[in-house]
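The values are calculated or read from the model by the stated rules, or taken from the named source; none is laboratory data. No experiment lies behind these values; they were computed from the predicted model shown. Heads up, the Cβs are rebuilt from the backbone with ideal geometry, glycines too, and the neighbour counts pull from every protein chain shown.
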Amino acid sequence: MSTPLDSNSSLGRDAIRAMRRSYGEKGLAEEDLAADPIIQFRNWLAEAALNSVIVEANAMVLSTVGEDGPQSRTVLLKDVSDLGFSFFTNYESNKGRAIAANPNVSLLFPWYAMERQVIIRGVAAQVSTEASSEYFATRPWSSQIGAWASSQSQDLESREHLQNRFDEFAEKFPEGNPVPMPAHWGGYLVSPRSIEFWQGRYSRLHDRLIFTASGSDWQLARLHP
């Protein structure tokens, strides 16, 4: 059981080690899964979206390994299809440069409230400019302006400087008018090589079932927790 803390407390080693919870009895058997892992993922995503505790069910941790080593950050899933998993970002950001150097990535969906997670390993590639433009046009005006204002991952001299850039582009592209997509912005499609479904179990005997791509088919295996 976790140690209760007040606003003036700090966590020492013992308190951190005492952070522990018992997972539920609900397991994950092979017969519980759809034969197609994309369909299974959609099912779990839909359940996560209905869970009132989970703030953003489509939030995923994207991990890359670039020239500067590994790095993880949270991005939002914006589409899932038979081809893979899509997200959008600044191509000149740390993640964009890392993917250009090494397109092998992982995606982690941490649905803690449901004692579930999904880990996807695959290869990321830029989607077409047309596909990126189509999605960009659906974004809120402020998000479109933000894509112009932010030189993502670059040093920022002050918050005021960022606000000034936002205001400049807001004046250039007034609300209510079409905002062109920046050339440095667009989407990625992660083509999955494996998709692992994890369900927490008692005594840390968690269920881990992994689909691995084999040609046009998927092979299912169970992993030790």
**Asked** What residue, among those in region 58-117 that are polar (S, T, N, Q), assigned to a strand (DSSP E or B) and closer than 20 Å to GLN144 by Cα, is farthest from the chain's Cα centre (by Cα)?
**Response** ASN90
**Item:** Residue within region 149-163 that is of a type in the set (Gly, Ala, Ser), within 30 Å of VAL80 (Cα to Cα) and assigned to a helix (DSSP H, G or I) present
**Value:** yes
**Item:** Filter result for ARG208 (of a type in the set (Lys, Arg) and either more than 23 Å from LEU76 (Cβ to Cβ) or not in a strand (DSSP E or B) (or both))
**Value:** yes
**Request:** Return yes or no: is ASP207 more than 20 Å from the chain's Cα centre (by Cα), among the acidic types (Asp, Glu) and under 30 Å from TYR112 (Cα atoms)?
**Result:** yes
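Rundown of residues vs (1) at pLDDT below 95; (2) assigned by TED's automatic domain parsing to the domain that holds VAL80, yes/no style:
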position: SER142; (1), (2): no, no
position: SER158; (1), (2): no, no
position: LEU162; (1), (2): no, no
position: VAL190; (1), (2): no, yes
position: ARG201; (1), (2): yes, yes
position: GLY215; (1), (2): yes, yes
**Message:** Just the residues that are exposed (fewer than 11 other Cβ atoms within 10 Å of the Cβ) and either part of a loop (DSSP other than H, G, I, E, B) or at pLDDT below 90 (or both), please, taken from region 14-57.
**Reply:** ASP14, ILE16, ARG17, MET19, ARG20, ARG21, GLU25, ALA29, ALA35, SER52, VAL53, VAL55
**Asked** Restricting the search to region 130-155, which residues are over 11 Å from HIS184 (Cβ atoms), among the hydrophobic types (A, V, I, L, M, F, W, C) and without any contact (Cβ under 8 Å) to a residue 40 or more places away in the chain?
**Response** TRP141, ILE145, ALA149
**Fill in**
All-but-one check, PRO70 against (1) touching a residue at least 40 places away in the same chain (Cβ under 8 Å); (2) within 30 Å of SER153 (Cα to Cα), failing number (1)
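Here is a yes/no grid of residues against (1) under 22 Å from ALA59 (Cβ atoms); (2) part of a helix (DSSP H, G or I); (3) among the small types (Gly, Ala, Ser):
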| site | (1), (2), (3) |
| --- | --- |
| SER133 | no, yes, yes |
| PRO180 | no, no, no |
| PRO192 | yes, no, no |
| GLU196 | yes, no, no |
| SER203 | no, yes, yes |
**Item:** Of residues in region 79-94 being over 16 Å from VAL118 (Cα atoms) and touching a Ser or Thr at 6+ places or on another chain (Cβ under 8 Å), the one surrounded by the most Cβ atoms within 10 Å (Cβ to Cβ)
**Value:** PHE88
**Complete:** Scanning region 173-201 for residues that are in contact (Cβ under 8 Å) with a residue 60 or more places away in the chain and polar (S, T, N, Q) gives SER191, SER194, GLN199
